[in-house]
Amino acid sequence: MNAERGSDVTKVEVRQTGDGSSTLYVPALDEHYHSTHGALQESVHVFIRAGLEPLLLTADRPQHILEVGLGTGLNALLTLQRSLTARVRIHYDAVETFPLPPDIVEALGIERYVLNPELLDLHRQLHAAPWNTPVDLTPHFELRKLHVALQQAHLPANHYQLIYFDAFAPEKQPDMWTQSVFEQLFAATARDGTLVSYCAKGAFKRSLKAAGWEVEALPGPPGKREMTRARKP
(Lines give C-alpha, C1' and ligand atoms only; values in the text may rest on other atoms or scores of the structure.)
Protein backbone atom coordinates (compact mmCIF):
# COMPACT_ATOMS: atom_id res chain seq x y z
CA MET A 1 0.00 0.00 0.00
CA ASN A 2 1.07 3.57 -0.59
CA ALA A 3 0.78 5.23 2.83
CA GLU A 4 1.71 8.69 3.97
CA ARG A 5 4.76 8.70 6.23
CA GLY A 6 4.21 9.28 9.93
CA SER A 7 5.17 7.73 13.22
CA ASP A 8 1.78 6.08 13.70
CA VAL A 9 1.49 4.69 10.18
CA THR A 10 4.87 2.99 10.48
CA LYS A 11 3.52 0.74 13.24
CA VAL A 12 2.20 -2.46 11.67
CA GLU A 13 1.18 -5.89 12.89
CA VAL A 14 1.42 -9.15 10.94
CA ARG A 15 -1.98 -10.85 10.62
CA GLN A 16 -2.98 -14.16 9.03
CA THR A 17 -5.81 -14.01 6.49
CA GLY A 18 -8.52 -16.52 5.65
CA ASP A 19 -6.55 -18.43 3.02
CA GLY A 20 -3.50 -18.87 5.27
CA SER A 21 -1.46 -16.07 3.69
CA SER A 22 -0.31 -13.06 5.69
CA THR A 23 -1.02 -9.36 5.57
CA LEU A 24 -0.23 -6.31 7.66
CA TYR A 25 -2.58 -4.36 9.90
CA VAL A 26 -2.10 -0.64 10.61
CA PRO A 27 -3.70 0.20 13.98
CA ALA A 28 -3.50 3.95 13.37
CA LEU A 29 -5.74 3.56 10.31
CA ASP A 30 -7.64 0.47 11.43
CA GLU A 31 -6.77 -0.89 8.00
CA HIS A 32 -5.28 -4.06 6.52
CA TYR A 33 -2.95 -4.16 3.52
CA HIS A 34 -5.04 -6.96 1.95
CA SER A 35 -8.40 -8.64 2.24
CA THR A 36 -8.80 -10.49 5.52
CA HIS A 37 -10.59 -13.22 3.53
CA GLY A 38 -7.29 -14.03 1.82
CA ALA A 39 -4.34 -11.84 0.84
CA LEU A 40 -2.98 -14.28 -1.72
CA GLN A 41 -6.30 -15.09 -3.38
CA GLU A 42 -7.18 -11.38 -3.58
CA SER A 43 -3.90 -10.50 -5.29
CA VAL A 44 -4.20 -13.39 -7.73
CA HIS A 45 -7.82 -12.59 -8.57
CA VAL A 46 -7.56 -8.80 -8.93
CA PHE A 47 -4.09 -8.13 -10.21
CA ILE A 48 -2.94 -11.31 -11.93
CA ARG A 49 -6.09 -12.82 -13.44
CA ALA A 50 -7.91 -9.57 -14.21
CA GLY A 51 -4.84 -7.50 -15.06
CA LEU A 52 -1.67 -9.38 -15.97
CA GLU A 53 -3.02 -12.45 -17.73
CA PRO A 54 -5.13 -10.52 -20.29
CA LEU A 55 -2.10 -8.33 -20.98
CA LEU A 56 0.20 -11.29 -21.62
CA LEU A 57 -2.26 -12.93 -24.03
CA THR A 58 -1.35 -10.46 -26.77
CA ALA A 59 2.02 -9.12 -25.58
CA ASP A 60 4.83 -9.44 -28.09
CA ARG A 61 7.25 -6.82 -26.70
CA PRO A 62 8.47 -5.67 -23.26
CA GLN A 63 5.62 -4.65 -20.96
CA HIS A 64 5.66 -1.83 -18.42
CA ILE A 65 3.68 -2.16 -15.19
CA LEU A 66 3.16 0.39 -12.41
CA GLU A 67 2.08 -0.60 -8.91
CA VAL A 68 0.59 1.87 -6.42
CA GLY A 69 2.05 0.92 -3.88
CA LEU A 70 4.52 -1.89 -3.24
CA GLY A 71 3.43 -2.84 0.31
CA THR A 72 4.39 -6.40 1.24
CA GLY A 73 5.63 -7.06 -2.30
CA LEU A 74 3.02 -9.76 -2.91
CA ASN A 75 1.74 -8.33 -6.21
CA ALA A 76 5.27 -7.81 -7.45
CA LEU A 77 6.28 -11.33 -6.46
CA LEU A 78 3.27 -12.90 -8.20
CA THR A 79 4.04 -10.87 -11.32
CA LEU A 80 7.68 -11.93 -11.18
CA GLN A 81 6.58 -15.55 -10.79
CA ARG A 82 4.44 -15.28 -13.92
CA SER A 83 7.29 -13.62 -15.80
CA LEU A 84 9.35 -16.79 -15.40
CA THR A 85 7.14 -18.45 -18.02
CA ALA A 86 6.02 -15.38 -19.99
CA ARG A 87 7.22 -14.68 -23.51
CA VAL A 88 8.08 -11.05 -22.76
CA ARG A 89 10.24 -9.00 -20.43
CA ILE A 90 8.45 -7.06 -17.69
CA HIS A 91 9.59 -3.67 -16.43
CA TYR A 92 7.93 -3.17 -13.04
CA ASP A 93 7.78 0.22 -11.31
CA ALA A 94 6.38 0.41 -7.77
CA VAL A 95 5.59 3.63 -5.90
CA GLU A 96 5.82 3.42 -2.11
CA THR A 97 6.22 6.00 0.65
CA PHE A 98 6.40 3.50 3.53
CA PRO A 99 9.07 0.85 2.85
CA LEU A 100 8.88 -2.13 5.17
CA PRO A 101 11.86 -2.80 7.45
CA PRO A 102 13.61 -6.18 7.05
CA ASP A 103 12.22 -7.57 10.31
CA ILE A 104 8.64 -7.04 9.14
CA VAL A 105 9.41 -8.61 5.75
CA GLU A 106 10.73 -11.71 7.52
CA ALA A 107 7.81 -11.73 9.98
CA LEU A 108 5.37 -12.03 7.06
CA GLY A 109 6.34 -15.69 6.94
CA ILE A 110 5.60 -16.13 3.25
CA GLU A 111 7.42 -19.47 3.35
CA ARG A 112 4.15 -20.88 4.77
CA TYR A 113 2.37 -20.40 1.44
CA VAL A 114 5.13 -19.71 -1.10
CA LEU A 115 6.93 -23.04 -1.24
CA ASN A 116 9.33 -22.34 -4.11
CA PRO A 117 12.76 -21.55 -2.55
CA GLU A 118 13.71 -19.46 -5.59
CA LEU A 119 10.66 -17.23 -5.09
CA LEU A 120 11.39 -16.86 -1.39
CA ASP A 121 14.86 -15.61 -2.21
CA LEU A 122 13.51 -13.29 -4.90
CA HIS A 123 11.02 -11.84 -2.40
CA ARG A 124 13.93 -10.95 -0.11
CA GLN A 125 15.85 -9.48 -3.06
CA LEU A 126 12.79 -7.47 -4.04
CA HIS A 127 12.64 -5.76 -0.65
CA ALA A 128 16.43 -5.38 -0.36
CA ALA A 129 16.79 -3.80 -3.80
CA PRO A 130 17.93 -0.16 -3.80
CA TRP A 131 15.36 2.56 -4.31
CA ASN A 132 14.94 4.75 -7.38
CA THR A 133 17.15 2.66 -9.66
CA PRO A 134 16.30 -0.26 -11.99
CA VAL A 135 17.41 -3.71 -10.84
CA ASP A 136 17.22 -6.94 -12.83
CA LEU A 137 15.87 -9.59 -10.45
CA THR A 138 15.72 -12.13 -13.29
CA PRO A 139 16.49 -11.94 -17.02
CA HIS A 140 12.79 -11.26 -17.63
CA PHE A 141 11.89 -9.00 -14.70
CA GLU A 142 13.26 -5.54 -13.97
CA LEU A 143 12.19 -3.79 -10.75
CA ARG A 144 12.34 -0.07 -10.02
CA LYS A 145 11.10 0.96 -6.59
CA LEU A 146 10.18 4.64 -6.35
CA HIS A 147 10.39 6.07 -2.84
CA VAL A 148 8.06 9.01 -3.41
CA ALA A 149 4.44 9.95 -2.96
CA LEU A 150 2.46 9.18 -6.10
CA GLN A 151 1.36 12.78 -6.55
CA GLN A 152 5.02 13.88 -6.65
CA ALA A 153 6.21 11.04 -8.87
CA HIS A 154 7.45 11.99 -12.34
CA LEU A 155 5.86 9.25 -14.41
CA PRO A 156 6.65 8.92 -18.12
CA ALA A 157 3.81 9.79 -20.49
CA ASN A 158 1.91 7.09 -22.40
CA HIS A 159 4.19 4.45 -20.92
CA TYR A 160 2.49 1.79 -18.80
CA GLN A 161 0.45 -1.04 -20.26
CA LEU A 162 -0.93 -1.98 -16.84
CA ILE A 163 -1.43 -0.25 -13.48
CA TYR A 164 -2.09 -2.07 -10.21
CA PHE A 165 -3.94 0.46 -8.06
CA ASP A 166 -3.57 -0.95 -4.56
CA ALA A 167 -3.72 2.08 -2.26
CA PHE A 168 -5.42 1.99 1.13
CA ALA A 169 -9.23 2.24 0.98
CA PRO A 170 -10.72 5.61 -0.03
CA GLU A 171 -12.08 6.33 3.44
CA LYS A 172 -8.61 5.73 4.93
CA GLN A 173 -6.55 7.61 2.34
CA PRO A 174 -8.89 9.91 0.36
CA ASP A 175 -6.07 11.94 -1.23
CA MET A 176 -5.12 8.86 -3.27
CA TRP A 177 -8.55 8.48 -4.86
CA THR A 178 -9.08 11.89 -6.48
CA GLN A 179 -9.81 12.74 -10.08
CA SER A 180 -6.43 14.47 -10.34
CA VAL A 181 -4.64 11.25 -9.34
CA PHE A 182 -6.49 9.27 -12.01
CA GLU A 183 -5.76 11.99 -14.56
CA GLN A 184 -2.07 11.64 -13.66
CA LEU A 185 -2.25 7.87 -14.13
CA PHE A 186 -4.25 8.25 -17.35
CA ALA A 187 -1.49 10.44 -18.80
CA ALA A 188 1.13 7.85 -17.81
CA THR A 189 -0.78 4.94 -19.38
CA ALA A 190 -0.25 3.76 -22.94
CA ARG A 191 -3.19 3.60 -25.35
CA ASP A 192 -5.37 0.55 -24.58
CA GLY A 193 -3.58 0.21 -21.24
CA THR A 194 -5.56 -0.89 -18.20
CA LEU A 195 -5.86 -0.15 -14.50
CA VAL A 196 -7.13 -2.75 -12.03
CA SER A 197 -8.16 -2.29 -8.41
CA TYR A 198 -9.87 -4.22 -5.65
CA CYS A 199 -12.12 -1.20 -5.04
CA ALA A 200 -15.57 -0.97 -6.63
CA LYS A 201 -17.04 2.10 -4.93
CA GLY A 202 -19.19 4.41 -7.00
CA ALA A 203 -17.16 7.55 -6.23
CA PHE A 204 -14.00 5.76 -7.40
CA LYS A 205 -15.55 4.75 -10.70
CA ARG A 206 -16.98 8.23 -11.25
CA SER A 207 -13.54 9.77 -10.69
CA LEU A 208 -12.02 7.33 -13.18
CA LYS A 209 -14.63 8.18 -15.81
CA ALA A 210 -14.14 11.91 -15.25
CA ALA A 211 -10.41 11.42 -15.84
CA GLY A 212 -11.08 9.74 -19.20
CA TRP A 213 -11.04 6.04 -18.35
CA GLU A 214 -13.55 3.50 -19.66
CA VAL A 215 -14.70 1.57 -16.60
CA GLU A 216 -16.08 -1.92 -16.10
CA ALA A 217 -17.09 -3.86 -13.01
CA LEU A 218 -15.86 -7.45 -12.68
CA PRO A 219 -16.70 -10.12 -10.10
CA GLY A 220 -14.62 -9.56 -7.01
CA PRO A 221 -12.43 -11.94 -5.02
CA PRO A 222 -13.89 -13.92 -2.10
CA GLY A 223 -15.51 -11.51 0.33
CA LYS A 224 -16.15 -8.80 -2.29
CA ARG A 225 -18.96 -8.65 -4.80
CA GLU A 226 -17.11 -6.57 -7.39
CA MET A 227 -13.73 -5.15 -8.41
CA THR A 228 -12.87 -2.54 -11.05
CA ARG A 229 -10.98 -2.62 -14.32
CA ALA A 230 -10.52 0.52 -16.41
CA ARG A 231 -9.09 1.04 -19.89
CA LYS A 232 -7.47 4.02 -21.59
CA PRO A 233 -9.22 4.25 -24.97
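Here are a few things to note about the model shown:
- Output for region 181-199, where each listed residue is closer than 24 Å to PRO221 by Cα, among the polar types (S, T, N, Q) and open to solvent by less than 10 Å² (accessible area, probe 1.4 Å): SER197
- Among the residues of region 156-182, the ones that are within 23 Å of VAL44 (Cα to Cα) and assigned to a loop (DSSP other than H, G, I, E, B) come to 6 in all.
One line per residue, one yes/no per condition, for (1) closer than 19 Å to ALA188 by Cα; (2) out of contact with any Gly (no Cβ under 7 Å at 6 or more places or on another chain):
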| residue | (1), (2) |
| --- | --- |
| VAL68 | yes, yes |
| LEU77 | no, yes |
| THR85 | no, yes |
| ALA94 | yes, no |
| ILE110 | no, yes |
| ALA167 | yes, no |
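- Pairs, first among the basic types (Lys, Arg) in region 85-110, second in a loop (DSSP other than H, G, I, E, B) and surrounded by 17 or more Cβ atoms within 10 Å (Cβ to Cβ), C-beta under 6 Å, six or more apart: ARG89/HIS140
- Scope region 133-165; condition of a type outside the set (A, V, I, L, M, F, W, C), open to solvent by 10 Å² or more (accessible area, probe 1.4 Å) and either touching a residue at least 60 places away in the same chain (Cβ under 8 Å) or touching a His at 6+ places or on another chain (Cβ under 6 Å) (or both); matching residues: GLU142, HIS159, GLN161
- Residue under evaluation LEU122, criteria (1) free of Cβ contacts under 8 Å to residues at least 40 places away in the same chain; (2) over 16 Å from the mean Cα position of the chain (by Cα), criterion not met: (1)
The values are calculated or read from the model by the stated rules, or taken from the named source; none is laboratory data. A quick note: this is a predicted structure, and the numbers were derived from the prediction, not measured. Glycine gets a Cβ as well: all are built from the backbone with ideal geometry, and neighbour counts include every protein chain shown. Heavy atoms of the whole protein, side chains included, go into the accessibility calculation; ligands, DNA and RNA do not. Shrake-Rupley method; radii C 1.70, N 1.55, O 1.52, S 1.80 Å.
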